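Here the structure is laid out as C-alpha cells; the discussion comes afterwards.
The values are calculated or read from the model by the stated rules, or taken from the named source; none is laboratory data. Model, not experiment: these values are computed from the prediction. With ideal geometry, Cβ positions are generated from the backbone for all residues, glycine too; neighbour counts draw on all protein chains shown.
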Amino acid sequence: MSKINIVQLVILSAALLAGACRAETLYVDSINVSQGQISNQPIEVLKTQDQAGQQDNWSTYLEAAPGSARFVGQFLFNAPSPQPGTSWQSLALKVNTIGEAKAAQRWVFQLRDFVDGKWVTLGDNAGAANWQWYAQNLVVQQNPERYINASGLIKVRYRSNNNLDVSNVDLMTIELQGSEQGGGNGDWWKPTPAQNLTWQWQINGTLDTSFDVDMYDVDLFDTPAAQIQDLKDQGRTVICYFSAGTYEGWREDWQLFFPFITDEQYTGNEPPFAGNMADWDERWLDIRRIDLLTDIMGARLDLAVSKGCDGVEPDNMDAYTNGDETGLPLIGADQLAYNRWIAQEAHARGLSVGLKNDVGQLADLVGDFDWALNEQCFEYNECSGYQVFINAGKAVFGVEYTGEPAQFCPQANNMNLSWLKKQLSLNSWRIGCEDY
C-alpha cells in the first residue's frame, strides 16, 4: 500500500468516525500566572504547532519566564458538555515546548483532578533535548471527566522547578473524545463460550474466504475494505490484526508519524523504539511512551473503523515479559496501563478488542477486553489460566502450531475453547477443533 493510500484511508476514517465518536479540540481561554511572567503575544498562537528543531519565530509562541523561584501558570480550557446519555471517553493534552534540558531545569505539565482535589502530572521535559522543540501528546489514563468540573472548566498547570531560564510554548490544546450514538456505546461484538464459534486466522498469503466459519481474523493493512465487506455480507464477523507492541518496518505508516524513519530498516533508538524481537524482523516498542504512540495506534484503530472491521486483535501485548530483548525496565504495571489504553481506544470507536497472549495478566485484564486469543497454551501448559475469561462469559480463541489435533482438540472442546491447528506462517491452512 502506498503512503498516499494510507493517508487517504486515515482521512476517510476520520470522516466515518465522526458518526461514531464525538471529538472536540479545545483551545486555551485564559492564563493565570502566579509566579514569574508570560509574554504578551495573543493566546491564539497556542492553537497550532508552528515551531520545530531550533526555530525561533517570536510571534508564534508564548515565553514563560520564571520569577525569583520558578514559573507557575494555569492554562484554562472550557469543555462542552457531552451528549445526553454519553460521557467523555478520552482526554489528551497536546503541547510543543522548548527550553533547558531536564538536567538543568524540569518543566512539568499537570492536570487538576477535581474529584481528589489535587494536581496530577501528565508529563515533563524528560525526553527533550536542550533548546530543541519538543512535541508531546500526553494522554490521561483515568476517566477524563474527573478533570472537568461542574462548569466545564479544565485546568492545566505548567511549572518549572527553578528560576534558571525561560521556556517557550508553541502549542497547547486538548483533544476530547466522547461516545456517541452508533459507536463507543458498548454495542460491539462480545462473543461468549456458549456460542461455540468457529473461526479462521489468516494474516499471510492470498486470503481464502471459502471457509464456513463464524469469524475471520485478517490483516488490517493487507485486507481491502471490499473483501472485509464481502465476508460480512456472508454473515462473518471480521477481526483485524495489527501489532500494537512492536515496530514492523514494512508498515509504511511508521514513516508518516515518525519523520526520522526514512525506510523499512530503521535501527535507531529514538523513543519509542526499543530492542529487537528474537527470530522476527520486528522491534519492541517502549509501551511506557503512550504519548508517542497515541497518534499511530489511534490511526490504526481509525483505519479498522473505516475498513469496516468488527473488532481488532492487537498483537505483542506482553513486552514486559521480554526484558532481555526490549532492553527496558518494563514492569507489569506498564503493560497493564498500555493494554487498558488500547482497549479503551478500541471501545471508544465501537470496536471489539481481544487480549492477545499476556497470560500472566489475564485476571487483571478480563474486565477490559471482550475476548482472548492465545498461541500454544496447550504446548506450554497455560490453558487453565483462561478459565477466568470463560467464567466471565468471554470467548477464548487459540491455535497450536505443534502437536496432534486428536490430542489437544478434545481438551479444548471440553474447556469451551475455540481452537485451531495452524502453520506458523498463518496462511490459509487450518484444522478446526470443531471437527473433533
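Filtering the stretch 368-386 to residues that are part of a loop (DSSP other than H, G, I, E, B) and under 22 Å from residue 346 (Cα atoms) leaves 368, 369, 370. If I filter the stretch 67-89 down to residues being in a loop (DSSP other than H, G, I, E, B) and at pLDDT 95 or above, which single residue comes out as farthest from residue 156 (Cα to Cα)? Among them, the one singled out is 70.
Contact annotation: residue pairs with Cβ atoms under 6 Å, 6 or more positions apart or on different chains, pairing a residue in the stretch 242-255 that is in the same structural domain as residue 204 (by TED's automatic domain parsing) and part of a loop (DSSP other than H, G, I, E, B) with a partner that is among the β-branched types (Val, Ile, Thr) and buried (at least 22 other Cβ atoms within 10 Å of the Cβ), are 244/342.
Could you please let me know if residue 331 is within 23 Å of residue 88 (Cα to Cα), touching a Phe, Trp or Tyr at 6+ places or on another chain (Cβ under 8 Å) and either crowded, with 18+ Cβ neighbours inside 10 Å or β-branched (Val, Ile, Thr) (or both)? Give the derivation first.
Numbers: within 23 Å of residue 88 (Cα to Cα): no; touching a Phe, Trp or Tyr at 6+ places or on another chain (Cβ under 8 Å): yes; either crowded, with 18+ Cβ neighbours inside 10 Å or β-branched (Val, Ile, Thr) (or both): yes.
Spelling it out, it is not the case that residue 331 is within 23 Å of residue 88 (Cα to Cα), touching a Phe, Trp or Tyr at 6+ places or on another chain (Cβ under 8 Å) and either crowded, with 18+ Cβ neighbours inside 10 Å or β-branched (Val, Ile, Thr) (or both).
Which of the residues that make up the stretch 110-138 are of a type in the set (D, E, K, R), surrounded by fewer than 16 Cβ atoms within 10 Å (Cβ to Cβ) and under 20 Å from residue 272 (Cα atoms)? First the steps, then the outcome.
Of the stretch 110-138, the ones of a type in the set (D, E, K, R) are 112-113, 116, 118, 124.
Now restrict to residues that are surrounded by fewer than 16 Cβ atoms within 10 Å (Cβ to Cβ): 113, 116, 118.
Result: no residue meets the conditions.
Would you mind stating whether residue 121 is among the hydroxyl-bearing types (Ser, Thr, Tyr), under 18 Å from residue 38 (Cβ atoms) and in a strand (DSSP E or B)?
On the way: among the hydroxyl-bearing types (Ser, Thr, Tyr): yes; under 18 Å from residue 38 (Cβ atoms): no; in a strand (DSSP E or B): yes.
Here the answer is no, as residue 121 does not meet what is asked.
Would you check if residue 151 is surrounded by fewer than 16 Cβ atoms within 10 Å (Cβ to Cβ), in the same structural domain as residue 63 (by TED's automatic domain parsing) and not hydrophobic (A, V, I, L, M, F, W, C)? Spelling it out, residue 151 is indeed surrounded by fewer than 16 Cβ atoms within 10 Å (Cβ to Cβ), in the same structural domain as residue 63 (by TED's automatic domain parsing) and not hydrophobic (A, V, I, L, M, F, W, C).
Selection within the stretch 206-220: residues that are out of contact with any strand residue (DSSP E or B) (no Cβ under 9 Å at 6 or more places or on another chain) and under 18 Å from residue 432 (Cβ atoms). The member of this set that is surrounded by the fewest Cβ atoms within 10 Å (Cβ to Cβ) is 210. Selection of the stretch 387-436 for residues being closer than 14 Å to residue 374 by Cβ, in a helix (DSSP H, G or I) and of a type outside the set (Gly, Ala, Ser) yields 387, 388, 389, 390, 408, 411, 433. One residue stands out among those in the stretch 150-187 that are in contact with a helix residue (DSSP H, G or I) (Cβ under 7 Å, 6 or more places away or on another chain) and at pLDDT 95 or above: the one that is nearest to residue 79 (Cα to Cα), which is 154. Applying the criterion of being out of contact with any helix residue (DSSP H, G or I) (no Cβ under 9 Å at 6 or more places or on another chain), of a type in the set (Gly, Ala, Ser) and surrounded by fewer than 23 Cβ atoms within 10 Å (Cβ to Cβ) to the residues of the stretch 352-389, the residue that is nearest to residue 239 (Cα to Cα) is 367. Among residues of the stretch 42-60 that are closer than 13 Å to residue 98 by Cα and β-branched (Val, Ile, Thr), those with a beta-carbon under 9 Å from a residue that is at pLDDT 95 or above and outside any loop (DSSP other than H, G, I, E, B) at least six positions away or on a different chain give the pairs 60/45; 60/170.
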